[in-house]
Amino acid sequence: MKQFYLFFLIFTVMTIGTWQRVKADTYPEVVFDNSLVKGVYAKSKVSYEGRSWVENLNRHLLVSDTLFFTPGNALSLRYKSAPDGDWQVDLQYSRQKLNYQVERTDFLVIKLYIQSKNTKEEQLPTISIQQKETETNPLKLASYIKKITYDKWIDVRIPIADFRNLHVKEPITAMRFAQNGASTDMHSLFIDQVEFLTKDVSQVKLSSPAILSGITAYDKQVRLQWQLPLTPSIRYIKIYRSEDKENFQPVGIRPVSMQGCLDYVPEVNKTYYYKITWVDYNYEESPFSEIKEVKTKELEKAEMLDLVQSAHVNYFVENYDINSGMYLPFRLKERAVVSVKESGNAILSLIVGVEKERINRSLAVGRISRMVYFLAKAQSHLGVFPAYFDGRTGLPEHRNNESTYDILATSSIIEALLVARQYFSKEEEAETDLRKRITALWENIKWNELVAPGYDDVLVEKISVADSTYHYPTLGGINESMNAYLLAMSSPKHAIPLSAYENGIKNIDLAYSSAYNKMDSLARDTVATLMRTFRYAINPLQHRPDYMATRVSIFQDTIMYGEHLPFGFSGSTLLDLYKPFFTIDPSLLRDGKVNYEEAIRNYIQVRKRQDNEIGVGSTDSDVWGFYQRMDSIGNYRINPAIGPSSMFILKDEGEKAVLALYHNYGENFFTEYGFRAWLDLRNNDVSDEYFATNQAAITVSIENARSGLIWNLYKEIPEIKALFTKLFGPDK
């Protein structure tokens, strides 16, 4: 398979409003539309007492994949409301990155199917909304049903204004169904499409047929592509599949932010037929598209890796702010918050996409140019950017009212832009202009002013313009700090001394040396607030004017699982170890004190052996990459980037991990955006989100393992090349 044109952009039919919607499987205002796994809905929580009871499996609601309002499933709520008992069920709003804030003019809409004929109005449950530690008054569902009907989907529409004690600026955490009335009978309901909708949605009728423009098969994945008209009343694309071209079954829905999707089918070497419809806000459908057919075929290993890499590239192709071109980590109604650090990962992934002919070169140049123009006009300090911006205004989006500028975030995007400067080397106007503007951003960073008090070769993590008395921890260690130090030492105008290689990289701040490294998280940015609080507690002297950071060596020789670990073993995620080597080929670090290639291999082998020994849920030794949540229960999840991304240094182990995750869990775990953020084998659950670092790690690691593309571009950056010669001597 020579070319995978899986994810080619269709910009001409997209509006700004469309791009500001969520680039995931659904919308942020949707509490429930489908369970991503069969059997139970892990994001539900069932509790009961006395003689009351709710059917559950491991305290979760069961799901129905044969009766539903929107494909492919609905929640099954079977309950007994005894006079001397009580029950409640929470539907948790689980998306970590989407904090939906409801408006008082909104409606809570629920699709309800009453199966038990003995269920009367007074026996239908109540519903309330939870926000952090508060809960609204419960409302009776029956009060919002015009007429009770059985074996038919009922539209329940509740004005948000009817809920008391609702805080409109606070995120929704859960919807609670609870016992109402009492009887000795069993009741059976089905619940689907629980969502908040605004009062004034478009009511334009969908009279034109949907357009299914393309269809391609890859193993058990069928890639569908469609062309959306600029009709504001289209809410979903509904997908129908048939095995005989006569009997079509609905198999999925997708939001209008998506130009295509992957559909997982049961068999390879079989012909399937597809058609689609547009769906409006009232769930009325347009006329069908034309029918298209496709025959699946098994992919070879190289083709499978192409498929996986393509999907992860597609995450960055579709998930960005149209105003700035930057990566969007959060979905907010009132503004577009963009991430500087993850925009660096997006740039590297786009370069891979261009090289593999999955993205048009000029479109990638245009997107990256938009980022550069945005950064040139956006607010910065000493050439350093904040971690987040408002993508529409260019103003910093400071977290928790801290006016800080982030050295690691800045390093991430500048490093990626330098790689882009190296890659887009054609002598034509667009690429020449891009290179010039990247150089201007690069030369504007005053690295020599980003050092800690008492040092000239030790960088700080952040700088504050609001509180000059507070000193943030210093950078160091085998993590993203390496990238920052190499950039700072190679700066053409504001370089720090070469001694930073020994004094900066090979030492770590005492604030990090114990507590910080014990934190193991998939999304460390999401707990930055906790870490800031923790650092104050660890080292309150950081507010003193005479404060000087205390630093310790990174070398802590340790033996675990038969391997030598030169930097000790903290238990932190391997992604921290991988990140520097998205761009840096470890073989280039010709250090007399440490063999980086050997050290990385050892750390990966130890983590794999440890995970295999734990064995929480998988009998396949190629499925590894567990991380443990910081809670008293000790839930285990798999981070899909850890095993596959090891490919950059252990090719066979990484490839096996990719294939094992895909073949064992691909139906629920692998999508048009690649692997989801996590897989919980113990609780039969998967994330409904994606993490940019994961998607980039898999994209870039596969490419570096196969062609060395990003590594080769990075080492040829003139300033980096000169620095490596100074540090390690001429390349032999």
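Checking ASP306 against (1) in a strand (DSSP E or B); (2) crowded, with 20+ Cβ neighbours inside 10 Å; (3) of a type in the set (D, E, K, R): exactly one of these is not met. Which one?
Among (1) in a strand (DSSP E or B); (2) crowded, with 20+ Cβ neighbours inside 10 Å; (3) of a type in the set (D, E, K, R), the lone unmet condition for ASP306 is (1).
Scanning for something part of a loop (DSSP other than H, G, I, E, B), aromatic (Phe, Trp, Tyr) and either touching an Asp or Glu at 6+ places or on another chain (Cβ under 7 Å) or not assigned by TED's automatic domain parsing to the domain that holds ASP509 (or both), does region 464-480 turn up at least one residue?
Yes, that holds for at least one residue.
Test of understanding: among THR474, THR469, which residue is among the β-branched types (Val, Ile, Thr) and out of contact with any Lys or Arg (no Cβ under 7 Å at 6 or more places or on another chain)?
THR469
Looking at region 130-162, which of its residues are farther than 16 Å from THR105 by Cα, more than 33 Å from the chain's Cα centre (by Cα) and surrounded by fewer than 17 Cβ atoms within 10 Å (Cβ to Cβ)?
ASN137, LYS140, SER143, LYS146, LYS147, ILE148, THR149, TYR150, ASP151, LYS152
Could you tell me which residue of region 489-505 is nearest to the chain's Cα centre (by Cα), considering only residues that are hydrophobic (A, V, I, L, M, F, W, C) and surrounded by 23 or more Cβ atoms within 10 Å (Cβ to Cβ)?
Checking each candidate, the answer is ILE505.
Given the conditions (1) crowded, with 18+ Cβ neighbours inside 10 Å; (2) modelled with pLDDT of 55 or more, and given that MET560 satisfies all but one, which numbered condition is not satisfied?
For MET560, the exception is condition (1).
Mind checking whether some residue in region 265-272 is farther than 23 Å from PHE32 by Cβ and in contact with a Leu (Cβ under 9 Å, 6 or more places away or on another chain)?
yes
Confirm whether THR474 is touching a residue at least 60 places away in the same chain (Cβ under 8 Å), over 30 Å from GLU355 (Cα atoms) and crowded, with 20+ Cβ neighbours inside 10 Å.
Taking the combined requirement at face value, the residue satisfies it.
In the list ILE127, ILE154, which residue meets the criterion of being in contact with a helix residue (DSSP H, G or I) (Cβ under 8 Å, 6 or more places away or on another chain) and touching a residue at least 12 places away in the same chain (Cβ under 8 Å)?
From the options ILE127, ILE154, the qualifying one is ILE127.
Going by the conditions given, is ILE438 outside the structural domain of ALA495 (by TED's automatic domain parsing), buried (at least 23 other Cβ atoms within 10 Å of the Cβ), in a loop (DSSP other than H, G, I, E, B) and among the hydrophobic types (A, V, I, L, M, F, W, C)?
no
Of the conditions (1) outside any helix (DSSP H, G or I); (2) more than 19 Å from ALA696 (Cβ to Cβ), ILE359 satisfies every one except a single condition; which number is it?
Checking ILE359 against (1) outside any helix (DSSP H, G or I); (2) more than 19 Å from ALA696 (Cβ to Cβ), the one that fails is (2).
If SER645 meets every condition in (1) modelled with pLDDT of 90 or more; (2) over 30 Å from GLY72 (Cβ atoms); (3) out of contact with any Phe, Trp or Tyr (no Cβ under 7 Å at 6 or more places or on another chain) apart from one, which number is that one?
(3)
Taking into account only those residues within region 248-293 that are part of a strand (DSSP E or B), surrounded by fewer than 19 Cβ atoms within 10 Å (Cβ to Cβ) and of a type in the set (Val, Ile, Thr), which is farthest from the chain's Cα centre (by Cα)?
Filtering first and then ranking leaves THR271.
Would a scan of region 675-682 turn up a residue that is out of contact with any helix residue (DSSP H, G or I) (no Cβ under 7 Å at 6 or more places or on another chain) and without any contact (Cβ under 8 Å) to a residue 40 or more places away in the chain?
No, region 675-682 contains no residue that is out of contact with any helix residue (DSSP H, G or I) (no Cβ under 7 Å at 6 or more places or on another chain) and without any contact (Cβ under 8 Å) to a residue 40 or more places away in the chain.
Take the residues in region 366-413 that are aliphatic (A, V, I, L, M) and closer than 14 Å to ALA346 by Cβ, then tell me which one is surrounded by the fewest Cβ atoms within 10 Å (Cβ to Cβ).
Per the stated criteria, the residue is VAL372.
Restricting to region 420-457, name every residue that is among the small types (Gly, Ala, Ser) and more than 32 Å from the chain's Cα centre (by Cα).
Once the filter is applied, which keeps residues that are among the small types (Gly, Ala, Ser) and more than 32 Å from the chain's Cα centre (by Cα), region 420-457 yields ALA452, GLY454.
Working carefully through the options LEU723, LEU679, find the one that is more than 16 Å from VAL313 (Cβ to Cβ), under 19 Å from the mean Cα position of the chain (by Cα) and aliphatic (A, V, I, L, M).
Exactly one residue qualifies, and that residue is LEU679.
For a quick check of your reading: which strands (runs of 3 or more DSSP E) sit entirely within region 1-92 and have at least 1 residues that are surrounded by fewer than 21 Cβ atoms within 10 Å (Cβ to Cβ) and at pLDDT below 95?
The strands (runs of 3 or more DSSP E) meeting that bar are 85-92.
Return the residue satisfying two criteria in turn: it lies in region 710-721 and is part of a helix (DSSP H, G or I) and touching a Leu at 6+ places or on another chain (Cβ under 7 Å), and of such residues it is farthest from PHE648 (Cα to Cα).
ILE720
Against the conditions (1) surrounded by fewer than 24 Cβ atoms within 10 Å (Cβ to Cβ); (2) among the small types (Gly, Ala, Ser); (3) over 27 Å from GLU355 (Cα atoms), where does ALA430 fall short? Just the number, please.
(3)
The values are calculated or read from the model by the stated rules, or taken from the named source; none is laboratory data. What you see is a predicted model; the values in this text were computed from it and never measured. Backbone-built Cβ (ideal geometry, glycine too); neighbour counts: all protein chains shown.
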